[in-house]
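First the structure, in the form of structure tokens, and then the observations on it.
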Amino acid sequence: MQLNGVGGPSGCTRPDPGLSPFARTLVAMLVITAPVLAGVLPDDRADVMYHLYNGGDITVQGPELLVRKKVTDNLSLSAGYYEDMISSASIDVKLSASPYHEIRKQENVGADYQHGKTTYSVGYIHSREPDYIADTTFYSVSQDMFGDLTTVTMGYKRGWDNVYRDECNPALPAHPTGTECPQIINDPSFHERADHHGYSLSLSQILTRNMILGLNYELLTDEGYLANPYREIRYLSPGTANGFTLAPQVYPNTRTSSAASAQLKYYLPYRAALTAEYRFYTDTWGVVGHTLEFDYTHPAWKHWIFDGSLRFYKQTHADFYSDLFPRADYQNFMARDRELAAFDDYTVGVGASYEFHVLSAPWINKSTFNVRVEHLTVDYSDFRNALLADVYGAGNEPLYKLNANIFQVFASIWF
């Protein structure tokens, strides 16, 4: 997932991490929650994490907390908090606005109830930014069968988003430098909504004592305001200084996407594990994506465990995307969101986990300290660095390339 900023009026901006806010909420939910296996409730556990993303002149960092606790033999409750402190001067921001700082906060609660070999899960997520509020509920049912060798899980997600647009308060005098907004408020004339539905089906199958196969399918439908109130397209204007003019994006108000994946995990005799996964994505906007990932986990000496991963992703551009349109109102729908462009990305990651015991706290069964570092490279095939238009000419600028580092450090305790 790439993180990039988009420009807003008078120096006001909001983040656009390459996914819709609904999808970002689900991604964060997956990060802070652990999968539930049918017939087995999650352990009593607390996790505290700090995450940092730095790339493309964007910095995203913040804390994360998750606590799970069984209240009966059949019921487990969870609660979590997640925060992104975002500062950006990315290529999109530099094109149409000034750098910004913003905080996104997210709270979530959930419950898992076990009845025989069936586990029922339900949860609620609330995410808020200065100009975006997202609420999501999720439900799932998992069933063990065939001697506990097979687990089938069905899930449903429902999201409601309220979209606002920031502007400078017109009642206050402008900043003396003319480059900063003295106070940012929501534009009272702009308020949009977006609704989302997600359906999922997964199968986990134990093939041998050392091999597990996982199959997953997800269908998402989005309806409402799916564009970004700040991001703009550009079209040719030969008489201007840089050769182009900016204009608002125009998106369809519906989108249906589907993704299917297969994962094969093999446990080696010396307690190590190899994982291979392939994922195929397509949507009604014309985007087609392929993901291939390999992971290796290796138990080292004493209480150390190391892991490494390699991920490759490739996608085509949306049908209505263009880096530079030939004229204004060229077609009904027009976008220049670089996450709708064609690109390849590569992610290499390494991590380490150390298990230890806290002798002064006998109520803690086990503790781990974990560190993970990833490097992300994104090569765009049809998104150019428009900041260099005055040097190379509009449409002839170098293709944009993004490099980012992602850092996570977290501690977990089982009690």
Review point. In the range 104-121, is there at least one residue being over 30 Å from V71 (Cα atoms) and touching a strand residue (DSSP E or B) at 6+ places or on another chain (Cβ under 8 Å)?
Key: yes
Revision key, fill the gap. For the range 73-102 the number of residues that are hydroxyl-bearing (S, T, Y) and in contact with a helix residue (DSSP H, G or I) (Cβ under 8 Å, 6 or more places away or on another chain) is 3
Study note, to complete from the structure: Flagged in the range 377-395 as free of Cβ contacts under 8 Å to residues at least 60 places away in the same chain and in contact with a helix residue (DSSP H, G or I) (Cβ under 8 Å, 6 or more places away or on another chain), in numbering order, are Y380
Revision key, fill the gap. Y82 vs (1) part of a strand (DSSP E or B); (2) of a type outside the set (G, A, S); (3) out of contact with any Lys or Arg (no Cβ under 8 Å at 6 or more places or on another chain): all pass except (3)
Check your understanding: Taking the range 360-415 as the search range and keeping residues that are under 19 Å from G349 (Cα atoms) and in contact with a His (Cβ under 8 Å, 6 or more places away or on another chain), which one is surrounded by the most Cβ atoms within 10 Å (Cβ to Cβ)?
Key -> A404
Practice item. Look at T245 and say whether it is in a strand (DSSP E or B), among the hydroxyl-bearing types (S, T, Y), surrounded by 15 or more Cβ atoms within 10 Å (Cβ to Cβ) and more than 25 Å from the chain's Cα centre (by Cα). Key: yes
Check your understanding: Taking the range 296-319 as the search range and keeping residues that are closer than 19 Å to R231 by Cβ and without any contact (Cβ under 8 Å) to a residue 40 or more places away in the chain, which one is farthest from the chain's Cα centre (by Cα)?
Key -> D319
Check your understanding: Residue check: is L213 of a type outside the set (D, E, K, R), touching a residue at least 40 places away in the same chain (Cβ under 8 Å) and over 16 Å from R158 (Cα atoms)?
Key -> yes
Revision key, fill the gap. Note on the range 289-334: residues of a type in the set (A, V, I, L, M) and touching a His at 6+ places or on another chain (Cβ under 9 Å) are I305
Practice item. Kindly indicate whether V391 is within 27 Å of T245 (Cα to Cα) and β-branched (V, I, T). Key: yes
Exercise for review: Identify, from the list D92, D47, D112, D73, the residue that is outside any strand (DSSP E or B) and surrounded by 16 or more Cβ atoms within 10 Å (Cβ to Cβ).
Suggested key: D92
**Study point:** Test for F407: is it farther than 21 Å from D283 by Cα, aromatic (F, W, Y), touching a Leu at 6+ places or on another chain (Cβ under 7 Å) and at pLDDT 95 or above
**Key:** yes
Practice item. Among the residues of the range 252-288, write down those that are among the basic types (K, R), closer than 30 Å to W301 by Cβ and free of Cβ contacts under 8 Å to residues at least 40 places away in the same chain. Key: R271
Point to revise | Matching residues, the range 329-381, being farther than 30 Å from P229 by Cα, assigned to a strand (DSSP E or B) and among the aromatic types (F, W, Y) | key: Y354, F356, F369
Review point. So which residues in the range 114-141 are in contact (Cβ under 8 Å) with a residue 60 or more places away in the chain and among the polar types (S, T, N, Q)?
Key: Q114, T118, T119, S121, S127, T136, S140
Practice item. Could you tell me which numbered condition D319 fails, if it satisfies all but one of (1) modelled with pLDDT under 95; (2) in contact with a Gly (Cβ under 6 Å, 6 or more places away or on another chain)? Key: (1)
Check your understanding: Across the range 68-110, what is the total count of residues that are under 20 Å from C168 (Cα atoms) and of a type in the set (V, I, T)?
Key -> 3
**Study point:** Residues within the range 312-324 that are assigned to a strand (DSSP E or B) and surrounded by fewer than 18 Cβ atoms within 10 Å (Cβ to Cβ), tallied
**Key:** 2
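The values are calculated or read from the model by the stated rules, or taken from the named source; none is laboratory data. Computed from a predicted model, the values in this text were never measured in an experiment. Backbone-built Cβ (ideal geometry, glycine too); neighbour counts: all protein chains shown.
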